[in-house]
Amino acid sequence: QVQLVESGGGLVQAGGSLRLSCAASGNIFSINVMGWYRQAPGKQRELVATISRGDNTNYADSVKGRFTISRDSGKNTVSLQMNSLKPEDTAVYYCNLRQGVRVEYWGQGTQVTVSS
């Protein structure tokens, strides 16, 4: 089993910044992909950004140039630096880890609210 613990959500004004972090522990494989997804009220969960253990990144078009995903040197903590936040970024943000064959884990979610 893998546990994912998120931190860093909150309320911020439009144009502001927030940083989310997610620490993974447990039975973590050497090859995995970590990332962030978000779900706004009444909408489906969507990809925000992912990063492989080799630091290959992927971003949703809506956040490119504003958000930056990174992993620490130990590779089991992933962060999401969110700049120039917009009200449409308001959502619950979930940390995700994928490893093995179609095995994935989710964090409990952290609320990000951007006021206009």
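Taking all Cα pairs closer than 8 Å and separated by 6 or more residues, the relative contact order of segment 3-105 comes to 35 percent. Taking θ as phi - 60° and the Karplus parameters 6.51, -1.76 and 1.60, the scalar couplings of segment 27-36 work out to 7, 9, 6, 6, 10, 7, 10, 10, x, 10 Hz in sequence order, x denoting glycine and proline.
Of all chymotrypsin sites (Phe, Trp or Tyr not before Pro) in segment 1-89, which ones are in loop regions per DSSP and have a Cβ with at most 14 other Cβ atoms within 10 Å?
Phe29
As a length-normalised measure over Cα pairs under 8 Å and 6 or more apart, the relative contact order of segment 2-59 settles at 25 percent.
Note down, for the chain, the three equivalent ellipsoid semi-axes (square root of 5 times each alpha carbon gyration tensor eigenvalue), biggest first, whole angstrom.
Numbers: eigenvalues 112, 39, 31 Å².
Semi-axis lengths for the chain are 24, 14, 13 Å.
Here the chain carries DSSP beta bridges of which approximately 90% are antiparallel, counting only pairs with both residues inside. Scanning the chain for trypsin sites (Lys or Arg not before Pro) that sit in a DSSP loop and have at most 13 other Cβ atoms within 10 Å, the longest stretch containing none of them is 1-42.
Residues whose amide H comes within less than 5 Å of that of Asn32, counting only those at least five positions distant or on another chain, are Arg53 (H built at 1.01 Å from N in the peptide plane).
Laboratory data are not the source of any read-out in this text; all were calculated from the coordinates shown. Keep in mind that this is a model prediction, so the values were computed, not measured. For neighbour counting, all protein chains shown are included, and Cβ atoms are generated from backbone atoms with ideal geometry for every residue, glycine included.
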